[in-house]
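Single-structure report; data block below.
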Amino acid sequence: MEAFDECCSNATDNPYAAIADWLDDPDFSELAAKRDQANNLFVRRGITFQVYGDGTGTERLIPFDLIPRIIAAREWAHLSAGCTQRVKALNAFLHDIYHEQKIITEGVIPKWVVEGNSEFQPLMVGVDVPGQIYSHISGVDMVRTGPDDWYVLEDNLRCPSGVSYMLENRAAMRRVMARSFRHNDVEPIDHYPDLLLQSLRSCAPDGISNPSVVILTPGAGNSAYFEHAFLAQSMGVPLVEGIDLVVDSQGVWMHTTRGLAPVHVIYRRINDDYLDPQAFNPTSVLGVPGLFEAHKAGLVTISNAVGNGVADDKATYLWVPDMIRFYLGEEPILKNVPTWRCADPAQLEEVLDRLPELVVKEVHGAGGYGMLVGPSASQDEIEDFRAKLINDPGDFIAQPTLALSTCPTMIDAGIAPRHVDLRPYVLAGRDETHLVPGALTRVALKEGSLVVNSSQGGGTKDTWVLCEEGASC
Amino acid sequence: MLTRLAGNTYWLARSLERAENTCRLLRALNRQSLLPGAVHTSALFRTALAVVDELEAFQVGTREQTARAILEYILIAPENHSSVVNCFANVRENGRSARHMLTASMWEAVNRTYLRAQEIRSEGVRLDEVDEVIDWALQGCYWIRGAADELRRDGLPHVLSLGQALERLDFTLRLLSTLLADLPSIDPDNPPTMSSGEYRRWLAMIEAGDMSESWRSSSPRRRLGQTALAMFVTDPHTTRSLVTNARRVVAALEIISGRDDSAAMAAASALVHQILAIPIGDGDLSVVQTAITEVVIRTWELSDLCIRDHLSIAQPATASASASQSSSTLPPGAQV
């Protein structure tokens, strides 16, 4: 399968012309030295993640590739509009399914999609959230297969992570490749923490003039703890753990040296199950007893809202284009990947017939785990998945194996194309839904691999959005 | 404490603080130069020259007017008395004169930083490496300052505090008077958007003034201009605000002199009141600048009085240190 090479397209406005001098330079040593410099920077700054289940508990550096992914202004405008549209529709969907469920009563999507979904949270039914915003921060995963062919792979509406890498990658690039930024007009992304804070504050409970925002982390042992600390530091807000918070009839409070201080917005990086032992998993020691009741009473905003999983799992994904038409009255700007729903016997049959050529994913899976990439799987792996599908078809969807586009990437021997995806972060506030002009590009560092997840050997790249020629950024 | 040693300690503190301030200023302007639509790097670095009051001196002679030339002038040039490398040399020379009062770790911090600074001078600085050099210099400053926290002899901590506070006053005033000139007056009803050039210039000023942490914890953040001005001028909780440092001068002078009725004390107390009267709430930056110009003059006079009445130094340790007390840093006629 021939993959689209973003760098070597013949388009007259090929954005990679911006770094042609690097790519054409036969002397690789300078780039290699810069890469080492960038890696040292990451080590020094402790930009790490933890891989669960590797037994060692050690923190690892996420591999960083020095060659940026470059997106032209025109392309970005398209992606940005499409992501914004999608998140607006998904927020409208979440409000609807936890209230009137018009989308079901009007026959746009079947009832089982919502109420048969294990991520549907009955406790959220009838709960009003400020501004009807459920997903304040959304990570929209996209892939490209051709010059104008972008597909959304999934919408992450729970606790999408990785934005700290987007920002730190840019900081590292500015540091080691400063000259390139002087010669190219690359849209800045540094205001992301300010925009995030602004969005979160705008969604504080009604009547709060100066809302207090905190980030709730499971603690230093969490794989994304670096990101939690990074965001708290860059937004200038407290990073709290469950034991730091207490709930009473007046609201949520944090223990400070000056006594209890109010908390109005909680950007939580804890899964729903662990958020409140009184409402959800009673064994949770990470959460805050009574938090959900305070949320229901409108005393505190939880971001992202509880129960968002029903809108971002791989089964609901199929209906997002319909949601856009239903709630916004618009045609979807971004395309979905054609998807087989294995719960449907006819579709399952086709999937089983074509298993070696498809990608099969768990409906509630994430992180690249629990998936089958047919073309690169062994016969044993394919047969394992066949058994799983037959045993529990409702847990899976299947998609064609897309030829993910490639970008030039540094490897030991020089520069070679590697497959990439893209995750922009969409911020939704009461008045505005928007995103900074940049994203996290994940790259599959192994030759031929389509799995970009960091836990599976993927790395990251800085993503440059070039300013429109002649326009002021 | 001997006044001679007090003088050395005072200039050690000022030189160290000047090195740190210069580095932070350069870093902020360098970052700004990497943004799209930024004015040319050399123009931004000329702003740095203006803030450190070396623009005229730089333009004398036949120097290239490139960004790199300006960068080297500010960081390493031997002929720039306030270059970062010269500041470290001044720290060492003044520390050497008071070496018996310093701890071993303090002296090691001073000496090693100085030695590395000399190496950097001989290697030169490329535009692409500016962040590396600045990071190193800032780490040197933090190391020395951390070691200085252990100093307990006589009134050393108070003299260090006096020198640091006066240098901070001086730098914050220069920063405000130079950078505010490029900003439009504050319109509270139309705050700059986060992607605008005005917003970035305010943030660069905040970064240069080491106010980023204060800014992040300020609330509500959308009132960028007013919040920033308050942080720089009247906020008693920011470590580099004018009022914080004027009050530190008052406190240090009281302990150093053992009295509360000296001319310097009176001048310092008056300065606090004058700072608090700067009309930052109106948003009219030209009025703020006029008031700041007055405060600049009063600060110079205060420096002069501090030296004349309490430090009484005939000469700092070296000719280069003497020259480093440029006429703009000290009031004309200051006894050095």
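The values are calculated or read from the model by the stated rules, or taken from the named source; none is laboratory data. Predicted model, so just to flag it, every value in this text is computed and none were measured. FYI the Cβ positions are ideal-geometry reconstructions off the backbone, even for glycines, and counts take in every protein chain you see. Protein only, heavy atoms only, side chains kept; ligands, DNA and RNA dropped before computing areas. Shrake-Rupley method; radii C 1.70, N 1.55, O 1.52, S 1.80 Å.
Straight-line cross-link reach from A:LYS296 at under 15 Å between alpha-carbon atoms covers these aspartates and glutamates, not counting any fewer than eight positions away in the same chain: A:ASP128, A:ASP206, A:ASP248, A:ASP272, A:ASP276. Accessible-area rank, largest first, for A:ASP190, A:ASP65: A:ASP190, A:ASP65, with all protein chains present and a 1.4 angstrom probe. Ranking B:LEU127, B:CYS87, B:MET106 by Cα position along the charge dipole of segment B:1-154, where only Lys, Arg, Asp and Glu carry charges on their C-beta atoms, puts B:MET106 farthest toward the positive end. The residues packed around A:TYR98, meaning those with a beta-carbon under 15 Å from its beta-carbon, carry a net charge of -4 if Lys and Arg are +1 and Asp and Glu are -1.
About the Cα centre, and with charges only on the beta carbon of Lys, Arg (+1) and Asp, Glu (-1), how big is the dipole of the protein assembly as shown? Nearest 20 debye, please.
Using Cβ point charges on Lys, Arg, Asp and Glu, the protein assembly as shown gives about 2760 debye.
What aspartates and glutamates does A:LYS88 reach when the alpha-carbon gap must be under 14 Å and sequence neighbours fewer than 8 apart in one chain are set aside? Output for A:LYS88: A:ASP96, A:ASP155, A:ASP312, A:ASP322, A:GLU330, A:GLU331, A:ASP431, A:GLU432. Helices in chain A, meaning DSSP H runs of at least 4 residues, each add -39500 (n - 2.57). Divided by all residues, the mean residue ellipticity at 222 nm is -8500 deg cm²/dmol. Accessible area buried by the pairing of B and A, both sides summed with a 1.4 Å probe, works out to roughly 2200 Å². Please tell me which of these pairs span more than 19 angstrom C-alpha to C-alpha: A:LYS314/A:LYS361; A:LYS335/A:LYS461; A:LYS361/A:LYS461; A:LYS361/A:LYS388? Correct reply: A:LYS335/A:LYS461; A:LYS361/A:LYS461. Each Lys and Arg Cβ is given +1 and each Asp and Glu Cβ -1; about its Cα centre, chain A then shows a dipole of about 1200 debye.
In units of the rule-of-thumb radius 2.2 N^0.38 Å, segment B:155-314 shows an alpha carbon radius of gyration of 1.09.
Quarter the surface of the alpha carbon convex hull of the protein assembly as shown and you get the mean projected area, 37.4 square nanometres.
Within segment A:259-390, the percentage of alpha carbon pairs spaced more than 25 angstrom apart rounds to 50%.
If you place +1 on the Cβ of every Lys and Arg, -1 on the Cβ of every Asp and Glu, and leave all else neutral, what size is the dipole of segment B:155-314 about its Cα centre, to the nearest 20 Debye?
380
Over chain B, the alpha carbon radius of gyration divided by the compact-protein estimate 2.2 N^0.38 Å works out to 0.96. Measuring nothing but how far apart in sequence close Cα pairs (under 8 Å, 6+ apart) lie, relative to its length, segment B:161-228 scores a relative contact order of 30 percent. Calculation over all alpha carbon pairs of segment B:1-154 in 5 angstrom steps from 0 returns a P(r) of 2, 10, 19, 21, 17, 13, 9, 5, 3, 1, 0 percent. For a distance above 16 Å, tell me the whole-number percent of Cα pairs in segment A:362-433 that qualify. Beyond 16 Å sits 69 percent of the P(r) for segment A:362-433. Mean separation of Cα pairs under 8 Å and 6 or more residues apart, divided by the residue count, gives chain B a relative contact order of 23 percent. Since only A:LEU90, A:PRO321, A:ILE333 are under comparison, the one whose Cα sits farthest along the positive direction of the charge dipole of chain A, derived from C-beta charges on Lys, Arg, Asp and Glu, is A:LEU90.
In chain A, a dipole from Cβ-located charges (positive for Lys and Arg, negative for Asp and Glu) runs towards its positive end, and of A:HIS264, A:VAL373, A:LEU422 it is A:HIS264 whose Cα lies farthest in that direction. Pair-distance distribution of chain A: all C-alpha pairs, bin width 10 Å, starting at 0; shares per bin in whole percent are 4, 19, 29, 28, 15, 4, 0. With each run of n ≥ 4 DSSP H residues scored as -39500 (n - 2.57), what mean residue ellipticity at 222 nm is computed for chain B after dividing by its residue count and rounding to the nearest 500 deg cm²/dmol? Calculated mean residue ellipticity at 222 nm is -21000 deg cm²/dmol.
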